[in-house]
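Each remark here refers to the structure printed beneath this line.
Computed from the coordinates by the stated procedures, all read-outs in this text should not be read as laboratory data. For clarity, every value in this text was computed on a predicted model and none was experimentally measured. Every residue, glycine as well, gets a Cβ built from its backbone with ideal geometry; the counts of neighbours run over all protein chains shown.
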Amino acid sequence: MDHPLIDLISAQVAEAERRGEFDNLPGAGKPLPKVDDPENALLNRIMRENGAVPEFVTLSRELERLREELRATGEPTRRTEIMKEMSMMDAKIELAKKAYR
């Protein structure tokens, strides 16, 4: 089944072609760039252009913050809490990496 607006869309594209709006576009006549994940190429590009990062990167940054806090903390109880958080963070990072692949 065609999109309900297919005739309107086709007419607008034909008009743009007639006006030459598709002439001399950058990359015209060249092959499309290779992408690792063609099914998600658009989504990946939008995320990259907007500064989004995979979950495991965000978690790795949080782990580094915990390491810094551990180095700066001398209180034994807080050090134990931080080490527990770090252990959980390591597990979360591994799960996020597997999900990303």
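So here's what we get for this one:
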quantity: Selection of chymotrypsin sites (Phe, Trp or Tyr not before Pro), the chain, meeting DSSP coil and at most 15 other Cβ within 10 Å; calculated: Phe22
quantity: Radius, Kirkwood style, for the chain when every pair of distinct Cα atoms is counted (Å); calculated: 18.8 Å
quantity: Two-site FRET efficiency, Leu5 against Glu69, from Cβ-Cβ distance with R₀ of 41 Å, rounded to 0.05; calculated: 0.15
quantity: Likely footprinting exposure, Leu42, Leu70, fewest C-beta neighbours within 10 Å first; calculated: Leu42, Leu70
quantity: Taking Thr80, Thr58 and counting other C-beta atoms within 10 Å, the order from fewest to most; calculated: Thr80, Thr58
quantity: Arg79 paired with Ala99, simple spin-label distance in nm, labels 7 Å along Cα-to-beta-carbon; calculated: 3.3 nm
quantity: Val57-Arg45 pseudo-label distance in nm [points 7 Å out on the Cα-to-Cβ vector]; calculated: 1.8 nm
quantity: With Cα atoms, 0 to 90° folded angle of helix 55-72 axis to the chain main axis; calculated: 30 degrees
quantity: In degrees, nearest ten, helix 6-19 long axis to first principal axis of the chain (Cα); calculated: 70 degrees
quantity: Whole-angstrom gap from segment 1-42 to segment 86-101, using each part's C-alpha centre; calculated: 39 Å
quantity: Distance in nm between pseudo-label sites at Val13 and Val35 (7 Å out along the Cβ direction from Cα); calculated: 1.7 nm
quantity: Aspartates and glutamates whose Cα lies under 12 Å from that of Lys92, excluding same-chain neighbours fewer than 8 positions away; calculated: Glu55, Glu62
